[in-house]
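No lab work stands behind these numbers, since they all come straight from the coordinates. Note that this is a predicted model, so its numbers are computed, not measured. When we count neighbours, we look across all protein chains shown, and the Cβ atoms used for this are built from the backbone with ideal geometry, even at glycine.
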Ligand SMILES: [Zn+2]
């Protein structure tokens, strides 16, 4: 995500922190050590919460490249949307379930050490048991907030997964989105009547994110209906494997095409992307041959494939263009901009 800094990598997932989170850290730091402990604890448990989502996703073969921590929670960037409702259910419930587990683990020891009603007392860091009570509260709030059955919270996803089995993905999404809007208005009302800017910010975020989910679901449905050949342009350039990078640059300027199938004697032998070209010109100069730098292992699609398959392949392989083939023959290329035009079409309609 833009504006975020990578902290470390675990299970092949990079943990990033968004700059707005650091701003929050600065604000809280001025409040003293007690607040620093609080914010570090929030950071740790939000990260663990997101890791639980990610590990279940990985179990289903969905890759998670990064987790970004924002002041209001974390986002695990998955390479594709889970196909089956049961997968979405287990991925979404895993995070809050972890927080509930922490709450249950801490509840009895804290009650035993601090007495029955300490969990309702104002928090302080005067002693270790009181400090650990913070962790209890952080997890209780994380579980409760995320289980709100509305988009974009985990509870909204759980709700959609449960409803989708009965009434289908799109209708289920609409209901969870409507709940999201209702909760956003509720938060906005509370924020305005209590002059609480944070609540108003959360309300705006929830409202926009819920609408975003609806758009995503509409796009997914549309991409399922359309096939590659419906939007494929027959007008495209290919390169030979003995072309130099100088020749490639010339073709880019002439064609405005940025990714090229490499074709020798009518046969597709490789693929080269804009990023490959830029990196290699920097490293090796203009005289290098395409043959030496082209990708030999790259995704391909057929003209009858649904577009949703193309989009999944792009996300999984982190690539902006894919050649369309029939046997060894190239029929064209499909780019992220082609898919983007469908996005634009649908978002204008709604
Ligand atoms: Zn979550």
Point to revise | Fully extended contour minus Cα-Cα distance, from residue 37 to residue 59, at 0.36 nm per residue | key: 4.6 nm
**Study point:** Sites residue 341 and residue 234 - FRET efficiency at Förster radius 22 Å, r taken between beta-carbons, to 0.05
**Key:** 0.85
**Study point:** Cα principal axis extents for the range 144-214, largest first, Å
**Key:** 41, 22, 14
Exercise for review: Determine the distance separating the Cα centre of the range 265-323 from the Cα centre of the range 178-227; give it in Å without decimals.
Suggested key: 37 Å
**Study point:** Nearest-ten-degree value, helix 274-284 long axis tilted from longest Cα axis of the chain
**Key:** 80 degrees
Practice item. Please find, in a Gaussian network model of the chain (springs between Cα atoms separated by less than 10 Å), the residue of 213, 88, 337 whose mean-square fluctuation is greatest. Key: 337
Review point. Taking the Cα atoms only, what angle lies between the long axis of helix 245-255 and the longest principal axis of the chain, rounded to 10 degrees?
Key: 80 degrees
Review point. What ranking of 250, 287 emerges when the number of other C-beta atoms within 10 Å of each C-beta is taken as an exposure proxy, fewest first?
Key: 287, 250
Review point. Which ordering of 162, 104 is given by a fewest-first count of other beta-carbon atoms within 10 Å?
Key: 104, 162
Practice item. Using only Cα atoms, find the angle between the long axis of helix 19-29 and the longest principal axis of the chain, and express it within 0 to 90 degrees, rounded to the nearest 10. Key: 20 degrees
Review point. Measuring from a point 7 Å past the Cα of residue 165 along Cα-to-C-beta, which residues in the range 79-105 have an amide N at less than 16 Å?
Key: 83-94
Revision key, fill the gap. The FRET efficiency for residue 241 and residue 6, from their Cβ-Cβ distance with R0 = 30 Å and rounded to 0.05, is 0.25
Check your understanding: For the range 272-303, list residues with backbone N below 12 Å from a point placed 7 Å from the Cα of residue 83 toward its Cβ?
Key -> none
Revision key, fill the gap. When 254, 59, 18, 49 are arranged by how many other beta-carbons sit within 10 Å of their Cβ, fewest first, they go 254, 59, 18, 49
Check your understanding: Which percentage, to the nearest 5, of the DSSP beta bridges contained in the range 228-349 is antiparallel?
Key -> 85 percent
Practice item. Using just the helices of the chain, give the 222 nm mean residue ellipticity in deg cm²/dmol: DSSP H runs with n ≥ 4 each add -39,500 (n - 2.57), and the total is spread over all residues, rounded to 500. Key: -20000 deg cm²/dmol
